[in-house]
Each structure stands twice: as C-alpha cells, then as structure tokens.
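Here is the structure we will look at.
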Amino acid sequence: MPQLLRKPPRIKVLEAIGCLGDGRLKTIGDVCAEVVSSRGDKRYKVVVLPDNRVYSSDNGTRLKGYIGYPIIAFLMEKGVIPIDREVMKAMTGIPWKDLNEKYRRYAIVESIVVRRAERMGVRREIIYDYINIVLKKLGLMKLYYDETLENYECG
C-alpha cells in the first residue's frame, strides 16, 4: 500500500537544485531518472508516475518517509516544480553529504550554504522565498511512496 510522503526538510530543496546545477540527474524516459550522489559514490533510481505514485532509492524517501531530493530534482527537471537559475548556480559544487555528516544538523548546513550563496551575490531572501515556493508546491502534490516501483522497467 503506497504511503503518503511528508514534505522534506528545507535543505533538500537546495540539494535538489544543486543536483541539477551539478548535472547529476539523467532522465530516462518520461517517468524515470537516475541521480548520482554529491560524492559520486551512489546512484538513486527515481520513478514518478502520473498518478502521484513515486519511488526513489534514497534514504530520506525510503526510510524517513519524506520527499527526497532525487524526486524533487526530477520534478524540477520535468517542469513540475519551478527552477530559479540564480539559486541553482549558487547551490552547485556543494559537498552535501560531507557537510551533512560533519555538522549533523540541516539548519547548520543550510546556514553555511546560504552564506556561501550571499558571497556569490545571491540574497538570502531570494533563497528562502524559493524554498517556501517549492515546499508549498510539494505539499499540494500529495506524492505516495510505492516500493513496488523499485522494479519498474524504465527502458
């Protein structure tokens, strides 16, 4: 039975757009994608069906029950979620996994990457507004995790 996914932690919006900026998402047909982790050592299968059933092999989606960054990145790539090019540029080249492991608190990592973006000329208000827009859109979508899609044939 598919489970309704929760909205993700705020940082996952930034990880998703950074993933696109880094070119780590490969679309496979209309409903599938593969995402390479920020370290390059893992690959996540992503499936998003028109009936709002989704699958992603990342831990946030599978184990923690929220919409993981690979799903968000794919929805951005498909045009379902808006992309802010300025925010995307500011979120590229960030070692997400290393920062998350080092600081163990998403709020600290968010603060670090936002300060970095400000040094690049992107105001924090722009980043926060973008996060809020994406989270609002995700909350309205009602995505359901379906583990049987792990075996979905992507082509």
Take Thr27 and tell me if it is assigned to a helix (DSSP H, G or I) and polar (S, T, N, Q). no
Report, ordered by the first and then the second residue, all pairs with beta carbons closer than 7 Å, sequence separation of six or more or different chains, a first member in the range 51-62 that is part of a helix (DSSP H, G or I), and a second member that is of a type in the set (Gly, Ala, Ser). Gly60/Gly68; Thr61/Gly68
Test for Glu125: is it of a type outside the set (Ser, Thr, Tyr), out of contact with any helix residue (DSSP H, G or I) (no Cβ under 7 Å at 6 or more places or on another chain) and in a helix (DSSP H, G or I): yes
Tally, over the range 73-94, of residues that are among the aliphatic types (A, V, I, L, M), under 14 Å from Asp22 (Cβ atoms) and out of contact with any strand residue (DSSP E or B) (no Cβ under 8 Å at 6 or more places or on another chain): 7
Among the residues of the range 1-18, count how many are surrounded by 19 or more Cβ atoms within 10 Å (Cβ to Cβ) and touching a strand residue (DSSP E or B) at 6+ places or on another chain (Cβ under 6 Å). 2
Would you confirm, using the coordinates I've provided, whether Tyr66 is modelled with pLDDT of 95 or more, of a type outside the set (S, T, N, Q) and surrounded by fewer than 23 Cβ atoms within 10 Å (Cβ to Cβ)? yes
So Lys45, is it buried (at least 16 other Cβ atoms within 10 Å of the Cβ), out of contact with any strand residue (DSSP E or B) (no Cβ under 7 Å at 6 or more places or on another chain) and not in a loop (DSSP other than H, G, I, E, B): no
Starting from residues that are surrounded by fewer than 19 Cβ atoms within 10 Å (Cβ to Cβ) and of a type in the set (Phe, Trp, Tyr), keep the ones in the range 81-110 and report whichever is farthest from Lys137 (Cα to Cα). Tyr103
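The values are calculated or read from the model by the stated rules, or taken from the named source; none is laboratory data. Computed from a predicted structure; not experimentally measured. Note: ideal-geometry Cβ built from the backbone for every residue, glycine included; neighbour counts use all protein chains shown.
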